[in-house]
Amino acid sequence: MKFELPILALGILISISQISQISQAATPPDLNDRIDCKRYIDETFAETVEMLSREDLPPAPNYDLLSKAVEKYYGDSNKIILDDLGYPSIMVRFDSFKDQHPMFKVDENFYPCVYIGKYESIVFHDRAYSIPDVDPTTQVDIDDARKFSINKGIGWHLMTNVEYAGLARYCREHDFYPHGNTNTNQSEEFYPGESGRITIEERSDDGKILTRRMATGSGPKTWAHNGEESGIYDLNGNIWEIADGVRLVNGEIQVIADNNAVLPEHWNDWKAVNKRGKLVNPGSKNTWKLDCNISADQAVFHEIPDAYPFLSLTREHMMYPEDVDEDFGFAGCEFKNIKSTHKTPLILELHLIASPKNVENFPDDGFWVRNYGTRRLMRGGMWARSAGMFGGTFAGTWNDKSPGMGFRISYIELE
């Protein structure tokens, strides 16, 4: 026994020495030099990814200097927030609007800001991180994304639909619609002269792009929500992002009130929306639904010819004859062209399901729907098809996974 303590102590000393070497590997930056701060940020996150990639995850080093460098380079709206393991994500503070938008309301409490992941998420050790210049994690469903988000600690959550809607509102009010990695099956450069670092690319025999993912935040600043380096990147294209707090069940639109979807205890608190915009029990009379102009009397795979979705208080036309969680026919149109049989309530606009009334200079973002079975919502589009900030899809089932589907984390400093 008398030999065990020195050996154990030696092991602890070695571990501490290794951590010290890791934390000092990047030469400290000159905080008065923005370019040097960027160099330090890149080097430190490269080291962090190397550590997070280890099966035997070492204790996190001190990230105080990284936090200062991030705020110096990107501005004070960009923050390093550590998770329960002490590892960092770059998050962007999004301040409350003058009116009381539901993205800032959790359990009847209003919060002054929400922190949105600057980048699409990558997962290590069952936790999601917002890290620059990495291939985002895909092949996850909504339950995976929820778990990887809340595992980080209190306040961390899968980004919700009202949060995406709040960002889209900001873009519209500032008349800036971010570019991104999108529509590459139509053009090598959908936005000429703009590209990021390609992480995965697959082509067909005739050269058509089948897959083209890019590293997080590697595109130009026009790919950020505000057109600045301080912004939130890749909200248009690259991969579809799962949005929590809203779903479509047999055509009926169901939501979790306010931004309560950030808390697991509210994940089953689904409500339908009645004609006047009040939240009611699912299946109640006169609740808002997504209908279709034609019915599919047999299995139609992919997009139903000449079909388009619209808002209604009834579902008269199903896109498949049965309410099943299968991927048969779907309908689509530009989001700005979604019509309604009745005047839509504000809550549907706040959830970015009904289009704002004034659509001048509105982008041509797409919206796709299957109005049978249970469907989760995704935002932003991917490399293969244009969607954008205002686009979305209710086409996939609750448990769908694909190489074009990922997610983004958010954080609220809850009381």
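Nothing in this text is a laboratory measurement; each read-out follows from the coordinates by a stated rule. Bear in mind that the values here come from a model prediction, so they are computed numbers and not experimental data. All Cβ positions, even for glycine, are placed from backbone atoms using ideal geometry, and neighbour counts span all protein chains on display.
Take the alpha-carbon positions of the stretch 130-190, form their convex hull, and give its projected area averaged over all directions (one quarter of the hull surface) in nm².
Value for the stretch 130-190: 6.4 nm².
Going 7 Å from the Cα of L313 along its beta-carbon direction, which residues of the stretch 280-307 have the amide nitrogen within less than 18 Å of the resulting point?
Those under the cut-off are 280-292.
For the pair Q139 and F110, what calculated FRET efficiency results from E = 1/(1 + (r/R0)^6), where r is the Cβ-Cβ distance and R0 = 30 Å, to the nearest 0.05?
With R0 = 30 Å, the Cβ-Cβ based efficiency is 0.25.
Give the long-range amide H neighbours of A354: residues separated by 5 or more places, or on another chain, with amide H under 5 Å away, using H modelled in the peptide plane at 1.01 Å from N.
It is E349, by chain and number.
For the stretch 51-146, take every pair of Cα atoms, bin their distances at 5 Å starting from 0, and report each bin as a whole percent.
Distribution as computed: 2, 11, 18, 20, 20, 15, 10, 3, 1, 0 percent.
Residue farthest toward the positive end of the dipole of the chain, with Cβ of Lys/Arg at +1 and Asp/Glu at -1: which of A296, W398, T184?
The Cα lying farthest towards the positive end belongs to A296.
Report Rg/Rh for the stretch 375-415, rounded to two decimals, where Rg is the Cα radius of gyration and Rh the Kirkwood radius. Please list the in-between numbers first.
Values: Rg = 12.5 Å, Rh = 11.9 Å.
Answer for the stretch 375-415: 1.05.
Beta carbons within 10 angstrom, averaged per residue: use that to sort the peptides 169-178, 373-382, highest first. Don't jump to the answer; show the numbers that get you there.
Numbers: 169-178: 16.6, 373-382: 25.5.
Packing order, densest peptide first, comes out as 373-382, 169-178.
Grab the Cα-Cα distance for Q298 and D175, subtract it from 0.36 nm times how many residues apart they are, and report the gain in nm with one decimal.
Contour length minus the Cα-Cα distance gives 40.0 nm.
Return the distance in nm (one decimal) between the two label points of a simple spin-label model at E55 and H125, each offset 7 Å from Cα along Cα→Cβ.
1.6
Projecting each Cα onto the charge dipole of the chain (Lys/Arg +1, Asp/Glu -1 at the beta carbon, about the Cα centre), which of V106, V92, A69 comes out farthest on the positive side?
V106
The stretch 51-152: which trypsin sites (Lys or Arg not before Pro) are DSSP loop and have at most 15 other beta-carbon atoms within 10 angstrom?
R54, K98
Using 0.36 nm times the number of residues separating K147 and K221, minus their current alpha carbon distance, what extension gain do you get?
Values: separation 74, 0.36 × 74 = 26.64 nm, distance 3.06 nm.
Once the chain is fully extended between K147 and K221, it gains 23.6 nm.
Find the relative contact order for the stretch 241-400 and round it to a whole percent, using C-alpha pairs within less than 8 Å whose residues are 6+ positions apart.
Relative contact order comes out at 23 percent.
Extending each Cα 7 Å along its Cβ direction at E360 and W398, get the distance between those two points in nm, one decimal.
Distance between the two pseudo-spin positions: 4.4 nm.
Which links in K285/K357; K98/K147; K118/K357; K79/K147; K118/K152; K98/K275 stretch past 21 Å when you go from one Cα to the other?
Beyond 21 Å between Cα atoms: K285/K357; K98/K147; K118/K357; K79/K147; K98/K275.
Would you mind working out the magnitude of the charge dipole of the chain relative to its Cα centre, with +1 at each Lys and Arg C-beta and -1 at each Asp and Glu C-beta, to the nearest 20 Debye?
Values: 43 positive and 63 negative charges, 209 e Å.
That gives a dipole near 1000 debye.
Sorting check: for 156-162, 34-40, 190-196, which peptide has the highest mean count of neighbouring beta carbons within 10 Å, and how do the rest follow? Intermediate values should be presented prior to the final figure.
Details: 156-162: 27.3, 34-40: 17.4, 190-196: 15.1.
Packing proxy ranking, top to bottom: 156-162, 34-40, 190-196.
For the stretch 336-415, take N as its residue count and report Rg(C-alpha) divided by 2.2 N^0.38 Å. Present the calculation step by step, with values, prior to reporting the outcome.
Working: Rg = 14.5 Å, N = 80, 2.2 N^0.38 = 11.6 Å.
Here the Cα radius of gyration is 1.24 times the empirical estimate.
At 0.36 nm per residue, minus the direct Cα-Cα distance, what do E228 and Q100 gain on full extension? Give it in nm, one decimal, please.
Residue separation times 0.36 nm, minus the Cα-Cα distance, leaves 43.5 nm.
May I ask you to list the residues of the stretch 67-91 whose amide nitrogen lies under 17 Å from a point 7 Å from Cα along the Cα→beta-carbon direction of I35?
Taking a point 7 Å out along Cα→Cβ of I35, the residues of the stretch 67-91 whose backbone N falls under 17 Å are 73-74.
How much FRET efficiency would the formula 1/(1 + (r/R0)^6) give for K285 and D323, where r is the Cβ-Cβ distance and R0 is 25 Å, rounded to 0.05?
Computed FRET efficiency for K285 and D323: 0.85.
Which residue, chosen from M214, S195, I239, occupies the Cα position most advanced towards the positive end of the dipole of the chain, where the dipole is computed from +1 (Lys, Arg) and -1 (Asp, Glu) charges on Cβ about the Cα centre?
I239
Any idea what log10 I(q)/I(0) is at q = 0.12, 0.14, 0.15 Å⁻¹ for the chain, Debye with uniform C-alpha scatterers and no solvent?
Scattering profile of the chain, log10 relative to I(0): -0.95, -1.26, -1.43.
Per residue Cα convex hull volume for the stretch 241-400, in cubic angstrom?
Convex hull of Cα atoms, per residue: 115 Å³.
Compute, for the stretch 241-400, the length of the dipole vector about the Cα centre, with Cβ point charges of +1 (Lys, Arg) and -1 (Asp, Glu) only. Units Debye, rounded to 20. Can you show the working numbers first?
Numbers: 17 positive and 22 negative charges, 145 e Å.
Magnitude of the dipole: close to 700 debye.
Let me know the Rg and Dmax you get for the stretch 207-311 when you use only its Cα atoms, in Å.
Final numbers for Rg and Dmax: 18.9, 51 Å.
Rank by packing, highest mean first: peptides 364-372, 283-291, with packing defined as the count of other Cβ atoms within 10 Å averaged across residues.
Result, highest mean Cβ count within 10 Å first: 364-372, 283-291.
Quick one: Cα centre-to-centre distance for the stretch 307-373 and the stretch 129-157, in angstrom?
Each part's Cα centre sits 28 Å from the other's.
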